[in-house]
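What follows is a short report on a single structure.
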Amino acid sequence: MRRLAPIAVALTLVVVSSCSNSPESEPAPAIPPKKTLDFGIYWPPQDPADPAGPIGEPLLHGELLLHEAAPDSYKLTIELARSADEEHREIWNNRLAYREYDWMGRVRVWDVDKKWLWPNVPYLLRAHGRSRVDRYGGVDPGKDADNDFAAVLIRAYDQTGQVELAATEEAPLVSAEWHPVGMENVDRQSVVHTARSDEFTLLLGSLEAQQGWLGVWLIYADFMGSPSPATWPKKLEWAGGILAYFEIDWNTSADGRHDLSMEQKTPPSDTGFDWEKWIGPHNGDKRDRAVARLAW
């Protein structure tokens, strides 16, 4: 009997060891937490805080995505997509006709069935589109600049919201590059309905503050005279305005982890950014691309 006890213990250990090595008992790899915020782009823009709520349906469906890449590092992107049925083709055609401008007849494209072709969403939003190649992208010959682009701009503030942190005070994160989603080798004949912004990296661990918030502006550089909501900042973003604005609140817990929350809000101010200087002149065929700043 005295010899059986250690044998029994040994067997028990073997069983436990065997179970711990079993694929069925291995813990699943941790998936970095993601936060998403769905929103709509209305044209003209509408205030999300309006008690009457949005009127009509959005021109574009948006998603703000924030995910943890490392304990102190977060990735942020914005994705914009449109409904792609025939009804929405007509809606887009009518809203983007701008019949009062004679150049619309030169930039609008029609297929063999004489149907108006969708403008590719990334080309509508991207800075420095290639004229006659990227539909509706390109340089305004009168201004010698590409003034039709959307950009994402991010600034960081302390918890009071009154003091901008050094990480973005002199140079906020900014990009006006957009990428097709779900398609490769895109050209003039392709029809792309979804665009994703450049990916921004937010290194919250590098900030001295233990809590604060980030302001995220989505702007379009030429509103073609369309009005902004009465509650919007009055200063223009180039010749355009703000399409949507978000705040990301964050604080650092005792164990060094960050708790973040996202909300779409009425923009409290303009971006405070010199878009004309940033986008640069066209200079003929030599395009001086605006420089993206994607991380701090």
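Odds and ends about this structure:
- Residues located in the stretch 247-260, provided they are in contact (Cβ under 8 Å) with a residue 24 or more places away in the chain and assigned to a strand (DSSP E or B): Glu247, Ile248, Asp249, Trp250, Asn251, Thr252, His258, Leu260
- The stretch 26-42 - residue that is at pLDDT 90 or above and not small (Gly, Ala, Ser) and, of those, farthest from Trp213 (Cα to Cα): Tyr42
- Qualifying positions in the stretch 240-271 - more than 15 Å from Pro45 (Cβ to Cβ) and surrounded by 17 or more Cβ atoms within 10 Å (Cβ to Cβ): Glu247, Ile248, Trp250, Thr252, His258, Leu260, Met262
- Restricting attention to the stretch 217-239, the residues being buried (at least 21 other Cβ atoms within 10 Å of the Cβ), of a type outside the set (Gly, Ala, Ser) and in a loop (DSSP other than H, G, I, E, B) number 1.
- Number of residues in the stretch 189-206 that are of a type outside the set (D, E, K, R) and touching a strand residue (DSSP E or B) at 6+ places or on another chain (Cβ under 7 Å): the value is 10.
- Single residue of the stretch 153-197 satisfying the filter (over 16 Å from the mean Cα position of the chain (by Cα) and within 20 Å of Leu80 (Cβ to Cβ)) that is surrounded by the most Cβ atoms within 10 Å (Cβ to Cβ): Val192
- Within the stretch 86-109, the set of residues being loosely packed, with under 11 Cβ neighbours inside 10 Å and modelled with pLDDT of 75 or more comprises Glu86, Glu87, Asn94, Glu100.
- Residues considered: Asp47, Asp72. Of these, the only one that is of a type in the set (Asp, Glu) and at pLDDT below 90 is Asp72.
- Each residue in the stretch 110-132 was checked for being under 21 Å from the mean Cα position of the chain (by Cα), modelled with pLDDT of 75 or more and not aromatic (Phe, Trp, Tyr), and 8 pass.
- Qualifying residue in the stretch 49-65 (condition: surrounded by 14 or more Cβ atoms within 10 Å (Cβ to Cβ), in contact (Cβ under 8 Å) with a residue 60 or more places away in the chain and over 17 Å from Pro267 (Cβ atoms)): yes
- Here Phe200 clears all of (1) over 22 Å from Asp158 (Cβ atoms); (2) buried (at least 20 other Cβ atoms within 10 Å of the Cβ) except the condition numbered (1).
- If you go through the stretch 68-109 and keep only what is assigned to a strand (DSSP E or B), within 25 Å of Ser226 (Cβ to Cβ) and out of contact with any Asp or Glu (no Cβ under 6 Å at 6 or more places or on another chain), you end up with Ile78, Leu80, Ala81.
The values are calculated or read from the model by the stated rules, or taken from the named source; none is laboratory data. This one's a predicted model, so the numbers in the text were calculated from it and none came from an experiment. Here Cβ is always computed from backbone atoms with ideal geometry, including for glycine, and neighbour counts include all displayed protein chains.
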